[in-house]
Amino acid sequence: MQPLEETTTENEITEVGALKATDRCDVCGAQAYIRVELATGELIFCSHHGNEKRAKLEPIAISWHDESDKLLAR
């Protein structure tokens, strides 16, 4: 079982990382489904641009939050 502090921290990160319908892709302005945290700040992308830039950004990303599965949810 994990200590309470780690669980709380994990929940806080998930809550903060959740994307809203008003979050827009930094490239094209479409609804954002991917948030990338870098040492210098964060970027948000639509599914298309996030996948397009993944190979370059993933090696330097601190975290990669992907909610693109919402596109297939009914």
List every residue pair whose Cβ atoms sit under 8 Å apart, with the two residues 6 or more apart in sequence or on different chains, where the first one lies in the stretch 46-68 and is under 13 Å from CYS28 (Cα atoms) and the second, anywhere, is part of a helix (DSSP H, G or I). SER47/SER68; SER47/LEU71; GLY50/SER68
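Can you find a residue that is touching a Cys at 6+ places or on another chain (Cβ under 9 Å) and either hydrophobic (A, V, I, L, M, F, W, C) or at pLDDT 90 or above (or both) anywhere in the stretch 53-74?
Let us first name the residues in the stretch 53-74 that are touching a Cys at 6+ places or on another chain (Cβ under 9 Å), namely 68.
Those left that are additionally either hydrophobic (A, V, I, L, M, F, W, C) or at pLDDT 90 or above (or both): 68.
Yes, the stretch 53-74 contains a residue that is touching a Cys at 6+ places or on another chain (Cβ under 9 Å) and either hydrophobic (A, V, I, L, M, F, W, C) or at pLDDT 90 or above (or both).
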Positions within the stretch 32-60 being small (Gly, Ala, Ser) and either touching a Lys or Arg at 6+ places or on another chain (Cβ under 9 Å) or surrounded by 19 or more Cβ atoms within 10 Å (Cβ to Cβ) (or both), in sequence order: ALA32, SER47, GLY50
In the stretch 31-74, anything in contact with a Phe, Trp or Tyr (Cβ under 9 Å, 6 or more places away or on another chain), of a type in the set (A, V, I, L, M) and not in a helix (DSSP H, G or I) is listed as ALA32, ILE34, VAL36, ILE44
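The values are calculated or read from the model by the stated rules, or taken from the named source; none is laboratory data. Given the structure is predicted, the values throughout are model-derived calculations rather than measurements. Please note: Cβ atoms are built from the backbone with ideal geometry, for glycine as well, and neighbour counts cover all protein chains shown.
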